[in-house]
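Here's the structure, in structure tokens; my notes come after.
Just so it is clear, none of the values below were taken in a lab; they were calculated from the coordinates. Predicted, not measured: the structure shown is a model, and the values here were computed from it. A quick note on method: Cβ atoms are made from the backbone with ideal geometry, for glycine too, and the neighbour counts reach across all protein chains shown.
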Amino acid sequence: MNQREIRRLADLLREYGLTEVEVEREGVRVRLRREPAALAAPSAGSAVAAPAASAAASPAVSAAPAASEAHLLTIEAPMVGTFYRAPSPDAQPFVRDGDRVKKGQVVCIIEAMKLMNEIESKVAGRVVKVLVENTQPVEYGQPLFLLEP
């Protein structure tokens, strides 16, 4: 990775309000991290480059569901970006609490690097709860919806 690519990662941190971004390329892993309340760009000291074999990628961890939610299925963010409930600001949301969804039905959009990615439900069910507010940044693996099968 060159300095330009690392600066682009830092720009992504600021642009999307992320606390961490990690990229691995050609055996080199770069992780930029900042405190959630930090307003300044990450310092050069926050960039860490190490061989890929030295550390395993940490999986996204979601909070354990409450006992009453144990039977529910979760639709998670497949990427980092900005969550949108509707196709445009003046349109109705794709889904609301209580709506039934079919497998393959678009449930939201995640904007990542200026691309709008339609997120589809992998299962059929009823939306119990939308867990993210419109226009909020989301992390990879973050729960977006709870579905009752």
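Here are a few things to note about the model shown:
- Per-residue HN-Hα couplings for region 95-101 [Karplus 6.51, -1.76, 1.60; θ = phi - 60°; Hz; x = Gly/Pro]: 9, 10, 3, x, 5, 8, 10
- Between amide H atoms placed 1.01 Å from N, distances below 5 Å from GLN105 occur with SER121, all of them 5 or more places distant or on a separate chain.
- Remark: region 112-122, residue by residue, has Karplus-estimated 3J(HN,Hα) of 9, 6, 6, 10, 8, 10, 6, 9, 9, 6, 8 Hz, where x stands for each Gly or Pro and the curve is 6.51 cos²θ - 1.76 cosθ + 1.60 at θ = phi - 60°.
- Sites GLN136 and MET79 - FRET efficiency at Förster radius 22 Å, r taken between beta-carbons, to 0.05: 0.95
- With a cut-off of 13 Å between beta carbons, the residues surrounding THR82 carry a summed charge of -2, where Lys and Arg count +1 and Asp and Glu -1.
- Taking other residues whose beta carbon is less than 11 angstrom from the beta carbon of LEU18, and scoring Lys, Arg as +1 and Asp, Glu as -1, yields -2.
- The label-point distance for VAL106 and ALA124, in a model that sets each label 7 Å from Cα toward Cβ, rounds to 2.2 nm.
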